[in-house]
Amino acid sequence: MRRLRFGSALAGALGCLALSAAVCAALWPHAREAGAILAAQDDPATLSDIQINSALRANQALVASHIEAALAEGDSDLANSFVELARDKGIAVSDELSKRVSDAVTDAGSASHLAKRFATGFVVGNADDVASLSGTVAGDLFVYGDIRDVVREGKHLATGEDVDRLVLGLATVGLAVTAATYASVGGVAPLRAGLSMVKGARKVGRLGEGLTQWAGRSAREVVDAPVLQQAVAKGSVLRPGQTISAIKAAFRAEKAGALVRLAKDVGRVGEKAGTRGALDALRIAQGPKDIARAARLAESKGGQTRAILKVLGRGALLLATGAFNLTMWVFGALLALFGFLSSIKATTERATEAWLRRKKARRLRKEAAAACLPAAPVLVGAAVHG
């Protein structure tokens, strides 16, 4: 009966131990990844690495499918970004697919294509690739682009029509920055390019809603509307010198710091990840902090940045899953580990207690047997004499 009770108790303890071990084993990988993400939440490069590795483990065909989709959309730059990501992660891309990407990149870089896109950027001011951005920046550096935008939006302001205050503010800042670019012989060219990219993204609707609202508020503070109305009433693209002087009077340099910092970060993304990488970052960003993180990501990942942003979206820049949820994974795993250790302790205690009881019982039986042995000869002698 005692052995039966011991076996039942030990079986129960071992069952509890096995259950705790299974729960702990199931939770631990999630908790380990959650802990790594929490530790990397202020490092976009490490954060994106953890999440990209997880995505690639879950879907081995992820890179190839994205390359095919990018080629179908005529985005050779994005396809090439995925090729770079695959190379960095040691993922094989077929020779046939690599050749298609290479041919698409070569075709996109042809002279006729570049000339057409450059002209579009220069005249219209819309930028969605390297060539059109080069045209936009060229137009802005020759002050034609910024004057064009300020005069157009300023006249809307004067006539009571809808005004894109963000484009107006960026163009106004751009005029001041252009002068600084010439004075420093291109030293602030990334800032100039950043302003052009933000302005271009706004025009083609590729600026994130949150970032649009923030930048719009900042742009309102940069421009003195009454002074600008007077400036554009007499201004013209054909009289750049006079127009610039009049517009500068409406520019509040002391209020432009936030927009300048944003443009610098956009310029940093463009330098490392390309124009389209910068435009992708502007599309998903909800504020200037997101762009600052994108700049850090681009400086670390370079040409892979577009692929990372495509797969992870804004999650490449900050925690996509709430910190509370990640913490709960870690907490749950720690509870499971505590239960596992507690089960080991309980199983050990029960086994030790049972072993001590059995040892004590054996000792008592031996003592009882030893106490009964001297009585036997006395009984035998009494029987003989009787």
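Just so it is clear, none of the values below were taken in a lab; they were calculated from the coordinates. Quick caveat, the model's predicted, so the values are computed rather than measured. Cβ placement follows ideal geometry from the backbone for every residue including glycine, while neighbour counts extend to all protein chains displayed.
Could the peptides 211-224, 47-60 be put in order, highest first, of the mean number of other beta-carbon atoms found within 10 Å of their residues? Write out the running numbers ahead of the final one.
Working: 211-224: 19.6, 47-60: 15.9.
My ranking of the peptides, most packed first, is 211-224, 47-60.
Pairs Lys199/Lys264; Lys203/Lys310; Lys99/Lys310; Lys89/Lys289; Lys203/Lys248: which are spaced more than 19 Å apart, C-alpha to C-alpha? Walk me through the numbers before you get to the answer.
Details: Lys199/Lys264 13 Å; Lys203/Lys310 22 Å; Lys99/Lys310 22 Å; Lys89/Lys289 28 Å; Lys203/Lys248 23 Å.
The pairs that break the limit, which is 19 Å between Cα atoms, are Lys203/Lys310; Lys99/Lys310; Lys89/Lys289; Lys203/Lys248.
At 7 Å along the Cα-to-beta-carbon direction for both Thr352 and Ala55, put a label point, then send me their distance in nm to one decimal.
5.1 nm
Can you tell me the order of 82-94, 351-363, 148-160 when each peptide is scored by its average per-residue count of other Cβ atoms within 10 angstrom, highest first? Walk me through the intermediate numbers first.
Values: 82-94: 16.9, 351-363: 11.6, 148-160: 18.9.
The densest-packed peptide leads the list: 148-160, 82-94, 351-363.
Between Lys359 and Glu299, what FRET efficiency follows from the Cβ-Cβ distance if R0 is 56 Å, with the result rounded to 0.05?
Working: r = 69 Å, r/R0 = 1.23.
With R0 = 56 Å, the Cβ-Cβ based efficiency is 0.20.
Tell me the net charge near Ala69. Cut-off is 12 Å between Cβ atoms, Ala69 excluded, with +1 for each Lys or Arg and -1 for each Asp or Glu. Write out the running numbers ahead of the final one.
Numbers: positive: Lys310; negative: Glu68, Glu73, Asp75.
My count for the surroundings of Ala69 gives -2.
Under a straight-distance cross-link criterion of Cα-Cα below 13 Å, which aspartates and glutamates are reachable from Lys155, leaving out those fewer than 8 residues away in the same chain?
Straight-distance partners of Lys155: Asp164.
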